[in-house]
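Worksheet for the structure shown next.
Here, each number is a calculation from the coordinates, and none is a lab measurement. Quick caveat: nothing in here was measured; it's all calculated off a predicted structure. Counting neighbours? That spans all protein chains shown, and the Cβs are built from the backbone with ideal geometry, glycine included.
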Amino acid sequence: TFSLPSSPNLGPFVLAGVLLLLLTALRRRKHDTGRPWPVVPGALPIIGNSIGALENLYAQLEEWSRLYGQSGVFEFSLFGLRYICICSDEMALRIESQRPYKVRRTRM
C-alpha cells in the first residue's frame, strides 16, 4: 500500500501553501473592486458563481440580469473565468460603437 511520508518538516510547507492561496485570493478580491458595473456576489474560488446544472445557465443569466443588470451590464465568474454580460440593447450598441479603439478584448 502507498502512504505519505510522515515527516515533521512537511508541516511548514503545507502552512506556507495555504497562506499563499489565502493571500492570492485576498489580493485578487482587492483588485476586483472599483468596477463600473455590478459583480454577482457569492463566487467561490475556482468554481465561481453557482448556477446549478449547465442546463440552468440561461435561466440563471436572466435572473442575474433582473437583479444586477440595471445599468445594462454585470459581471460573474464561472470555473475561474470572469464574464461580462451585456443585457441591454443600448449598452451593446454603445460598446460596439467604441470598438476597436476604446474597448478591446483582453485575455484574463
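Here are the numbers for this structure:
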{"read-out": "Per-peptide average of other Cβ atoms within 10 Å, ordering 55-61, 17-23, 38-44 highest first", "value": "38-44, 55-61, 17-23"}
{"read-out": "Loop-located chymotrypsin sites (Phe, Trp or Tyr not before Pro) in region 59-94, at most 12 other Cβ atoms within 10 Å (DSSP)", "value": "Phe79"}
{"read-out": "Amide H contacts of Val39 (H built 1.01 Å from N, under 5 Å, at least 5 apart or other chain)", "value": "Glu75"}
